[in-house]
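Readers should treat all values here as calculations from the given coordinates under stated rules, not as data from a laboratory. Because the structure is a prediction, the values reported are computed rather than measured. Cβ sites come from the backbone with ideal geometry, for glycine too, and all protein chains shown count toward neighbours.
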Amino acid sequence: MGWGDQLWDQDAEVFAHVDKGADFLLRCKAFMQARSHLELAFARDLEKLVEKFKLDSSKPDIADDHSTLQVAWNTVLTETTHIAKQHEDMAEKFVAECADPLQELATEHKSGRKKAASDLAAAKKRLADVQSRYDSARKLYDKAYREYTDVSNKLKKLGEVGTNSKSKVDKLRHEKNRLHHETDATKGEYNLLRDELSKAQMSFYNQEQADILNSLEAQTHSRTKAHTNVLRTYAQIHEKALPVIGQCIAGMVESLDAVSANDDTELLANNYRTGNPMQTEVAEHDPSAGTAAPASTLQKMNARRVMRPKIFKSSRKKTAVREDFGHLPPEQRRKAILKKVSELQEEHTRVSKSMGAMSKTIEVYRQQPQFGDERALAKAQKEVDEYTKKQEQVAGELYKFQLYLCALQGTEPPTPPVGYKSEGSSTSLGDGADAISMASMSATSQQDRSLSVASRQHMQQQQQHHHGDTDASDEEDDYEDADDFEHGDDYGFEEQQQQQQAAEPQQPPTIAIGVALYPFPGANDGEMPVAEGERVHVLEDDGSGWARVFKNGQQGYVPRAYLRFEDATA
C-alpha cells in the first residue's frame, strides 16, 4: 500500500513533504557551492603563499644555491602547489558533479510536484462539481419533503376537527398530491446524484488522487536515491583527492629524507674555494731593503691595476679579461668556464639541429619540386647560410673556452667542434689567445713561469721602443697587469713601480680644465669623486656624456654635465 491508500485524506501533508524535499535539495546545492568557493579560495591563497615564499631565481646567489636543503625546500613548495591544484580540482568537481546535479534534481522535483498539484486540483474540481449538484438535489428533495409533510399535517388536523368546508379540504388534498409527485421527482434526482457522487468519490479516492499521491511517492523515492548518490559523489571526490595529496606529502618527506648536512657544508666550500695558497707566515721586515710593500698591499695594488684597464684602456683588452674570467680565483674561474662551455655546447647542438633540419628541407625541395618552388628553395638556402655562420661563431667561442679550460687544467686540447674554422678562429678568438696563453702559464711549471717573465721583459722593451704610441702601451700594460694578478708572480714593489713609470706617463695630455659645477660622489668603480668648484684635468670628451679626467695621479670618469670646461692654457 502506498500513499494513495494510506494518506488518502492527508494530501496536504504529502505536498508539504514534497516541498520540504525540494527545499532540502536547494540547501544542499547551496552548501556545495559554498564549499566550492572555500576550496577555490584556499587553493588560490595557497598558491599565493607559495609564490610569496618562493626564492627569486633571478638572483645569482639564489639561482646557484643547489644545496640539498634548498632542493628539499623547493620540493616542499612544489608539492604544496600540487596540493593547491587538488583543492582547485575539488572545487570544480563540487560544482560540476554535486551542485549542478542537485539543481537539476530540485528543478525536476518541483516540476513533478507542480504537475501533480495541477492534476489533483482538476480531479478535485470534477468531484466538487458532482458534489455541488448533489447538494442542490438534496436541498430540493428536503424542501419538497418538508412542504409535503406540512400539507399532510394540515389535512390531518382538518379531518380531526370536522368543521372545515369541503372546498378547503379538497384544496389541501390537491396540494398534497402535487407535493407528493414533486417529492418523488426530487427524491429520484437526489438518488441519481447520490449514486453519481458515490462513483465520483470512489474514482477520485481510489484512482485519481491515489495515482497522483503514488506518483509523488515514487518521485520522492527517486529523489532520495539521486540525492544520496550526489552526496556519495561528494564523499568520493574527497576519497580520490586524498591519495594524490598523500603522494604530495610523501614527495615532501622523501625530499626531506634526502637532505644531507654534510653535503651542504661541503657545497659551500666547493662554491667559494679559491684554490689560493694559505698565507700562514708574515715575511720579516728589513728596513735596509727600502720600500717593501706588504703582501696585502701588493695584492690590492695588483687588483686595482687590473681593474683600471677594464675601464680606461682599450675595449679589446677589456673584453678579453672579462670573458675568460681571469679576475676570478682559480677554482671559481674553472667552474665559471665549465658553465660557459656547457651553455655554448647546448647552443651549438641547437644550431646544428636547426641547420640539419633545414638542409633536409632543401634536399626535399630539390628532389620533389612540388613541395617548394625556387623562391622557397632560396629562402631555405639563406637560412642554412645564416645557420652556418652562427655555427661557425658558436664553434669558435666554444673551442676558445675549451682551450681556456684545458690550459687551466693542464690537459690536452680537445677536438674542435663541428663548424670550427682554424682561419676564422684566430679572428673570432681575438684577444682570447692572450688569455689562453695566460691560463697556460698559470698551469705550467716553474720553467714556464720564467719564460713568462722573459716574455714580459721583452714586452717592456717593445713598450719603451714604442713609448710614443699611448694606445699600444695601454694594451701591453693591460696584458702585464692582468698576468701579474692572475698568476701571482712574486715581483718586488720597486720593480712594479719602475714598470708602471715606464708604461704610464705621470699626466696624460690635457684638452681642457674642468670646474665641477656640482658635487659628484663617484661611488661606482671607475668614477672620479669631485667636490663643487674643484678643478680637474680633462683628458677626453667623446660625446658619450662622460668625461675622462685626471686628478691626484689617478684617472676616472665624471658626468659631462657636471663640468664647465676652461681653456687648458688658462
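Looking at this model, which pairs from 114/225; 20/125; 20/240; 29/114 are more than 30 angstrom apart at the alpha-carbon?
Working: 114/225 21 Å; 20/125 26 Å; 20/240 32 Å; 29/114 21 Å.
Too far apart for the 30 Å limit: 20/240.
Using Cα positions and a limit of under 25 Å, work out the lysines in reach of residue 156, with same-chain residues fewer than 8 apart set aside.
143, 166, 168, 171, 176, 187
Expected output is a single nm value to one decimal: the length gained when fully extending between residue 133 and residue 6, i.e. 0.36 nm times separation in residues minus the C-alpha distance. What is it? Write out the running numbers ahead of the final one.
Numbers: separation 127, 0.36 × 127 = 45.72 nm, distance 2.87 nm.
42.8 nm is the gain from fully extending residue 133 to residue 6.
Please list, by residue number, every one of the trypsin sites (Lys or Arg not before Pro) in segment 34-138 that is coil in DSSP and has at most 15 other beta-carbon atoms within 10 Å.
Working: sites: 35, 44, 48, 52, 54, 85, 93, 110, 113, 114, 115, 124, 125, 126, 133, 138; in loops: 54.
Here the trypsin sites (Lys or Arg not before Pro) that fit, given the DSSP loop and packing criteria, are 54.
When the chain is fully extended, how far beyond the present Cα-Cα distance does residue 52 get from residue 393, taking 0.36 nm per residue of separation? Provide the component values of the computation, followed by the final result.
Numbers: separation 341, 0.36 × 341 = 122.76 nm, distance 4.14 nm.
Net length gain for the segment: 118.6 nm.
Compute the FRET efficiency between residue 199 and residue 238 as 1/(1 + (r/R0)^6), taking r as their Cβ-Cβ distance and R0 = 60 Å, and round to the nearest 0.05.
Working: r = 58 Å, r/R0 = 0.96.
Calculated value: 0.55.
Grab the beta carbon distance between residue 115 and residue 184, set R0 = 56 Å, and tell me the FRET efficiency rounded to 0.05.
0.75
Which of rounded, prolate or oblate describes segment 116-251 when judged by the alpha-carbon gyration tensor and an a/c cut-off of 1.5?
Details: a/c = 9.46, a/b = 6.50, b/c = 1.46.
The shape class here is prolate.
What lysines sit close enough to residue 339 to cross-link, taking a C-alpha to C-alpha distance under 25 Å and skipping anything fewer than 8 places away on the same chain?
Hits, sequence-local ones excluded: 54, 59, 310, 317, 318, 353, 389, 390, 400, 421.
Output the Kirkwood hydrodynamic radius of segment 506-570, Cα pairs only, in Å rounded to one decimal.
Details: mean 1/r = 0.0872 Å⁻¹.
Taking the inverse mean of 1/r over all distinct Cα pairs, segment 506-570 comes out at 11.5 Å.
Let me test this: with uniform point scatterers at the alpha carbons of segment 12-263, what is the Debye-based log₁₀ I(q)/I(0) at q = 0.07, 0.08, 0.12 1/Å?
Cα-only, vacuum Debye calculation for segment 12-263: -0.57, -0.64, -0.89.
For segment 77-160, which GluC sites (Glu not before Pro) pass both filters: DSSP loop (anything but H, G, I, E, B) and at most 15 other C-beta atoms within 10 Å?
For GluC sites (Glu not before Pro) across segment 77-160 that sit outside H, G, I, E and B with at most 15 neighbouring Cβ atoms in 10 Å, the list is empty.
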